[in-house]
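Notes follow once the structure below has been shown.
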Amino acid sequence: MKKKLFTINLLSAFQKGVQSSVVLFVFLLISTASNAQQFTRADTLRGSITPERAWWNVLHYSLKVKVNPSDKTISGSNTILYEVLKPNNIMQIDLQSPMKIDKVVQKGKEISFTSEGNAHFLKLRKKQKPGSENEITIYFSGKPREAVRPPWDGGFTWNKDSNGNHFIATSNQGIGSSVWWPLKDHPTEEADNGVTIAVTTPKNLMNVSNGRLKKTIANKDSTTWIWEVKNPINSYGVNINIADYVHFGEIYNGEKGTLDMDYYVLRENIVKAKEHFKQAPMMMEAFEHWFGPYPFYEDGFKLVEVPYLGMEHQSSVTYGNKYENGYLGSDVSGSGWGMKFDFIIIHESGHEWFANNITNKDVADMWIHEGFTSYSENIYLDYHFGKKASSEYVIGVRNNVVNSTPIVGRNYNVNKPGSSDMYYKGANVLHTVRQLINNDEKWRQILRGLNKDFYHQTVTTQQIENYISEKSGIDLTAFWNQYLRTVKIPTVEYAIDGNKLKFRYVNIVENFAMPIIAKINDNEQWITPSAKWQTKTLSEDIKSFQIKKDFYVKSSKVKK
């Protein structure tokens, strides 16, 4: 997902001439209120693996939806093929108000259910037998929540293009897919065998969803578009996009063979899109080099124009950045390099590797999605514009870091992420790891290894931390604790006395002793500060001392 609400508000504020200190003050107030949040039973039902969720595993969703733009309602059904893991006969299904479950049917018979807020507990007729595979169909209808500020405020977006045609899209990462369709709405649960999505639209409109278009059915006053996803898919990645779309595409010769890259844009934007979307194969080339093969060759890759900024919907990446480079025409790094690429094309496509291929088990660990994907922005620059561009960009985005709360969430099982610093602080944390490894090919193989060894899996931050520590051969325990779980930025205090350099770390966690490169009298050399003062004696007087900016640390000259 793109920058959170704070970031876009910050950009807007700068555009309007508002002082950054005022914006940061407001953000800190919001963060303070958020940190004081009291979690409810509803938070637990949404964010945890309840007993009513734990006993079954989703194999496949078959989702059918009729969209009625005239009154902004939808209706349909979801048939769930599931595997029974242990005996039980109470199943939790999630669907958020004002949407409602009309009925539930299993083996031709309607079954009863009770509701507790947005969680609905289906009472199956028989206790389920472990190892068996069963189906259940949930019929639903209603007027789904309308997104006020998509994609940060999720739901349906009902809009029109310049020709007066309906322009409709869903976006629901934070709020969850259950804002519009019934499912097991938890990040650990991906439909192992994919999803079939059949969307019925008015006659003159097209629906684009995830995967490949398998069939269209012409009805009297409508058309049904049937899309099929073969790979496992996180539920928030399932999307509906309806418009008067025009299609074009190309074949990309990638690491796993030929990859279909398809583009669906408004009719009025076809000329602009054909030129601007030339960045898409450039993205694919850079990311396959650094991260490994695109994870969903079977489902293809798509960019789909939508009436909001964009989102990382799996194999159906949505785009609304107005065919401009940068982030809505702005450089988030202030370095100039951010204007060399379309932020949404690069960032949201990067999520195909980090978010869609590798998915967090709990949103408290969402830095796995956002930190790595924000890092992908400067990896793209590295590939196409060189290491200097990459470095200047990622160092530049540090200006967006607030450091009010840690980037790893403090509360698990309540659907609560860490701070928005997971984006650009996360990117700088990973850039620092690259410096520590000090071997770009080794770092590239680690990034590729993550996508290979955790292919189509849900993971914890501990798994990611341990993997990088193991493959790098560096014990990063204190490093992760420092940067992921505190707001402290390590500071090197130093003093110079003739040819003697004294230095130490302050503002650090226990056992933090990260090596860094320092430039002393124009000569780069490694030093390893710790909490204790150390002395380094040179053969000549020390005239200058500077830490290499690629390391995410601060420095302070003191008298000693």
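The values are calculated or read from the model by the stated rules, or taken from the named source; none is laboratory data. Just so we're clear, the structure is a prediction, and the values are computed from it rather than from any experiment. All Cβ positions, even for glycine, are placed from backbone atoms using ideal geometry, and neighbour counts span all protein chains on display.
Just a few scattered comments:
- For residue 413, the conditions (1) under 24 Å from residue 444 (Cα atoms); (2) polar (S, T, N, Q); (3) within 19 Å of the chain's Cα centre (by Cα) are fulfilled apart from (1).
Okay, residues lined up against (1) among the β-branched types (Val, Ile, Thr); (2) touching an Asp or Glu at 6+ places or on another chain (Cβ under 7 Å); (3) at negative phi:
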| position | (1), (2), (3) |
| --- | --- |
| 134 | no, no, yes |
| 137 | yes, no, yes |
| 143 | no, no, yes |
| 156 | no, yes, yes |
| 162 | no, yes, yes |
| 173 | no, no, yes |
| 177 | no, yes, yes |
| 189 | no, no, yes |
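- Looking only at the stretch 544-560, and only at residues there that are of a type in the set (Gly, Ala, Ser) and surrounded by fewer than 14 Cβ atoms within 10 Å (Cβ to Cβ), the one that is nearest to the chain's Cα centre (by Cα): 556
- Each residue in the stretch 130-151 was checked for being charged (D, E, K, R), under 28 Å from the mean Cα position of the chain (by Cα) and more than 18 Å from residue 181 (Cα to Cα), and 1 of them qualify.
- Residue match in the stretch 273-292 (condition: part of a helix (DSSP H, G or I), surrounded by fewer than 20 Cβ atoms within 10 Å (Cβ to Cβ) and free of Cβ contacts under 8 Å to residues at least 12 places away in the same chain): yes
- Among the conditions (1) farther than 16 Å from residue 288 by Cα; (2) not in a helix (DSSP H, G or I), the only one that residue 398 does not satisfy is (2).
- Of all residues in the stretch 86-113 being surrounded by fewer than 18 Cβ atoms within 10 Å (Cβ to Cβ) and among the acidic types (Asp, Glu), the one that is nearest to residue 76 (Cα to Cα): 102
- For the stretch 70-80, a residue qualifies if it is surrounded by fewer than 17 Cβ atoms within 10 Å (Cβ to Cβ) and touching a residue at least 40 places away in the same chain (Cβ under 8 Å), and the qualifying residues are 71, 72, 73, 75, 79.
- Given (1) more than 30 Å from the chain's Cα centre (by Cα); (2) assigned to a loop (DSSP other than H, G, I, E, B), number of the condition residue 114 does not satisfy: (2)
- Any hit, the stretch 122-133, residues being surrounded by 12 or more Cβ atoms within 10 Å (Cβ to Cβ), part of a strand (DSSP E or B) and either of a type in the set (Lys, Arg) or in contact with a helix residue (DSSP H, G or I) (Cβ under 9 Å, 6 or more places away or on another chain) (or both): yes
- Considered as a group, the residues in the stretch 225-268 that are outside any strand (DSSP E or B) and touching a Phe, Trp or Tyr at 6+ places or on another chain (Cβ under 7 Å) include one that is surrounded by the fewest Cβ atoms within 10 Å (Cβ to Cβ), and that residue is 256.
- Residue within the stretch 289-297 that is among the hydroxyl-bearing types (Ser, Thr, Tyr) and touching a Ser or Thr at 6+ places or on another chain (Cβ under 8 Å) present: no
- Qualifying residue in the stretch 149-172 (condition: at pLDDT below 95 and surrounded by fewer than 21 Cβ atoms within 10 Å (Cβ to Cβ)): yes
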